[in-house]
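Participant: Structure provided below as C-alpha cells; questions to follow.
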Amino acid sequence: MVNTTVSAQVRLTDVRKVYGAGPGAVDALAGVTYGFDAGSFTAVMGPSGSGKSTLLHCAAGLDTPTAGDVQLAGQSLRGLDETALTELRREQVAFVFQSFNLMPALTVRQNVVLPMTLAGKQPDNAWVSEVIQRVGLGERTKHRPSELSGGQQQRVAIARALAGRTAITFADEPTGALDTTTALEVLTLLRDQSRVLGQTIVMVTHDPVAASYADRVVFLVDGQIVSESTRPSPETVAAELAHLSTTRRTPTPN
C-alpha cells in the first residue's frame, strides 16, 4: 500500500526496521512507503505486534530506521545528528502519549508551555489561555499533575500539542487509559486540531471507535501496510481488524 502525494507532511520511503541479526532477525517494518498528507488525521492499526508503534517512532524521528528514508515537513531525517533532529522535532512536531509525560513539579500552564520554554520561544499567552480553556482546564491552570485525574492529565498533553502550533502531532494510544466520555472528548480535540488548525495527526490505536474519528485508517500486518479505509466507522474497522488477525503470518515487535 503506497500513498505518495506531494502534500505529505510525513513521508516514509521504503522504511525498514530490523531487530536482531542472523536467523533470529525480525523485520518490524518491512519496506513501508507512505505519505501522511498535510492537515489529515490518520489512524494506524493492526494486530498486536504488527509494527504500528515502530512505524510511529520511526516516522517521528524517535527511532532510526535500518534502511529507507523518513521526511518530516519536507526535511529528510537521514544523516541528521541528535542536535539537529531534536531541533527539527521541537519546531515541527508535538507528541501525545498514553503516559502523558508531564513534569510533576510544574503547573498545568507551565507544562503546556514547556516545549516553547525549552526552545527559547515566547509563548502566545492569549492562545495558551484559549487552548487550556478549550480542553476544559481553565479553572485548573495552577494545579499540578498529582492534583488532576488521568483524563485531565491527558487534556494537558493535548493542550501542549495544540499550544505550539506545530505542523505535526504524533499520538500513541492517547485514549488507552481514559474512561469512555473523556476519550471521546480527547478524540474530538485531536480531530479539531486537524480540521480547524490544519495539523497533520498520526495516531496509533487499537480501538475501532477511536479510529473512526480519523479521516483515514491504515492497517499493518507483519510490518507492511496492507490496506486502508477512508471515512471509517467502528464496524468497518473492527471487521478489517478481525480479518487481518486471521491472515497474519508471523509475530513482530510492536
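The values are calculated or read from the model by the stated rules, or taken from the named source; none is laboratory data. Keep in mind that what you see is a predicted model, and the values were worked out from it rather than measured. Using ideal geometry, Cβ is built from the backbone for each residue, glycine included, and neighbour counts are taken over all protein chains shown. The area values use the complete protein model at the heavy-atom level, side chains included, leaving out ligands, DNA and RNA. Shrake-Rupley method; radii C 1.70, N 1.55, O 1.52, S 1.80 Å.
Participant: When region 23-80 is examined, which residues are found to be touching an Asp or Glu at 6+ places or on another chain (Cβ under 7 Å), at positive phi and open to solvent by less than 10 Å² (accessible area, probe 1.4 Å)?
Facilitator: The answer is none; no residue qualifies.
Participant: Oh, and also: Just give me the residues in region 107-122 being in a helix (DSSP H, G or I), open to solvent by less than 30 Å² (accessible area, probe 1.4 Å) and of a type in the set (S, T, N, Q), in sequence order.
Facilitator: If the condition is that a residue be in a helix (DSSP H, G or I), open to solvent by less than 30 Å² (accessible area, probe 1.4 Å) and of a type in the set (S, T, N, Q), then Asn111 is the only one that fits.
Participant: Taking region 186-211, which residues are open to solvent by 20 Å² or more (accessible area, probe 1.4 Å) and polar (S, T, N, Q)?
Facilitator: Scanning region 186-211 gives a single hit, Thr188.
Participant: If the Cβ limit is 6 Å and pairs must be 6+ apart or interchain, which residue in region 66-93 that is free of Cβ contacts under 8 Å to residues at least 12 places away in the same chain pairs with which residue that is not small (Gly, Ala, Ser)?
Facilitator: Here the result reads Ser76/Asp69; Arg78/Asp69, each pair linking region 66-93 to a residue that is not small (Gly, Ala, Ser).
Participant: Additional query: Restricting to region 91-134, count the residues that are among the charged types (D, E, K, R) and more than 22 Å from Arg191 (Cα to Cα).
Facilitator: 3
Participant: Just the residues that are open to solvent by 30 Å² or more (accessible area, probe 1.4 Å) and under 25 Å from Val204 (Cβ atoms), please, taken from region 81-99.
Facilitator: Glu82, Thr86, Glu87, Arg89, Arg90, Glu91, Gln92, Phe95, Phe97, Gln98, Ser99
Participant: Residue check, Thr83 against (1) part of a helix (DSSP H, G or I); (2) more than 30 Å from Thr141 (Cα to Cα); (3) in contact with a strand residue (DSSP E or B) (Cβ under 7 Å, 6 or more places away or on another chain), all met but one. Which one?
Facilitator: (3)
Participant: Further, regarding this structure: List pairs: first residue in region 235-246 and in contact (Cβ under 8 Å) with a residue 24 or more places away in the chain and within 16 Å of Ala211 (Cα to Cα), second residue open to solvent by less than 60 Å² (accessible area, probe 1.4 Å) and part of a helix (DSSP H, G or I) anywhere in the structure, Cβ distance under 7 angstrom, at least six positions apart or on different chains.
Facilitator: Pairs found: Val237/Pro208; Val237/Ala211; Ala238/Pro208; Leu241/Pro208.
Participant: Under the condition of being open to solvent by 50 Å² or more (accessible area, probe 1.4 Å) and of a type in the set (Asp, Glu), which residue from region 123-180 is modelled with the lowest pLDDT?
Facilitator: Asp179
Participant: Hand me the list of helices (runs of 4 or more DSSP H) wholly inside region 134-236 holding 2 or more residues that are in contact with a strand residue (DSSP E or B) (Cβ under 6 Å, 6 or more places away or on another chain).
Facilitator: Those helices (runs of 4 or more DSSP H) span 150-163, 180-195.
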